[in-house]
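Q: Structure provided below as structure tokens; questions to follow.
The values are calculated or read from the model by the stated rules, or taken from the named source; none is laboratory data. Computed from a predicted structure; not experimentally measured. Cβ: placed from backbone, ideal geometry, glycine included. Neighbour counts: every protein chain shown.
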Amino acid sequence: MSAHGGDGRWKTIGGYNPQSWDSGGGAHYTADPQDRDAFLFNLSDAVLWRQSGPVQTYNRDFDGPTFGAPPLGQDLGITADLSQVFSLGGWSYGGLDQRERSLVDGTLNAPNMPLAALEVFSISEAAIPEPPPALLLLVGLPALLLWAARVRRAAA
């Protein structure tokens, strides 16, 4: 996303969530620290916050994508109308030294900031269609016979 920081600059920020988003109104947890592979980043300022707490994302139908969640805090999220970014870090991402700091510009207890652009990507396994076996036989058998005939001619 592109968000306008309190320092007057537009920042490129985002995150990675290996779980699915939904609008069920609850949090997605990662209880085991070894499974915490979500992260947040600010490309403009070269900042990376790895998931440090159990709440990975918060999913509700009246906000956009949100990393971290109440009752602790929302480390990075988008308002429902997709016009603003909010970031109060250090709850589930970034560690205690980032508590209540904005990932966008590092300010303490930052207000919502304007959002200029938002892109959401999905990573999934590619489904490569396989031809039906009859088609493989229909195409493969003549090709195999042609190859065998060429081998015989070359040997003679």
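Q: Could you tell me whether G8 is under 19 Å from A117 (Cα atoms), without any contact (Cβ under 8 Å) to a residue 24 or more places away in the chain and either more than 14 Å from the chain's Cα centre (by Cα) or not in a strand (DSSP E or B) (or both)?
A: Spelling it out, G8 is indeed under 19 Å from A117 (Cα atoms), without any contact (Cβ under 8 Å) to a residue 24 or more places away in the chain and either more than 14 Å from the chain's Cα centre (by Cα) or not in a strand (DSSP E or B) (or both).
So that you can scan it fast, the table gives a plain yes or no per residue for (1) surrounded by 19 or more Cβ atoms within 10 Å (Cβ to Cβ); (2) in contact with a Pro (Cβ under 7 Å, 6 or more places away or on another chain):
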| site | (1), (2) |
| --- | --- |
| H4 | no, yes |
| G14 | yes, no |
| H28 | yes, no |
| A31 | no, yes |
| D45 | no, no |
| Q51 | yes, no |
| F62 | no, no |
| G68 | yes, no |
| Q84 | no, yes |
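Q: Anything in the range 112-130 that is modelled with pLDDT under 85 and surrounded by 10 or more Cβ atoms within 10 Å (Cβ to Cβ)? List them, or say none.
A: Once the filter is applied, which keeps residues that are modelled with pLDDT under 85 and surrounded by 10 or more Cβ atoms within 10 Å (Cβ to Cβ), the range 112-130 yields only V120.
Q: Let me ask something else. Would you check if A110 is in a loop (DSSP other than H, G, I, E, B), among the aliphatic types (A, V, I, L, M) and in contact (Cβ under 8 Å) with a residue 12 or more places away in the chain?
A: Taking the combined requirement at face value, the residue satisfies it.
Q: To continue, here is another question. Considering each of W21, W49, W91 in turn, give the residue that is part of a loop (DSSP other than H, G, I, E, B), among the hydrophobic types (A, V, I, L, M, F, W, C) and either under 21 Å from N109 (Cα atoms) or more than 16 Å from the chain's Cα centre (by Cα) (or both).
A: After ruling out the rest, the residue left standing is W91.
Q: Starting from the range 14-37, keep only residues that are modelled with pLDDT under 90, then list their pairs with residues that are assigned to a loop (DSSP other than H, G, I, E, B) and of a type in the set (S, T, N, Q) whose Cβ atoms are within a distance under 7 Å, requiring at least 6 positions of separation or different chains.
A: H28/Q19
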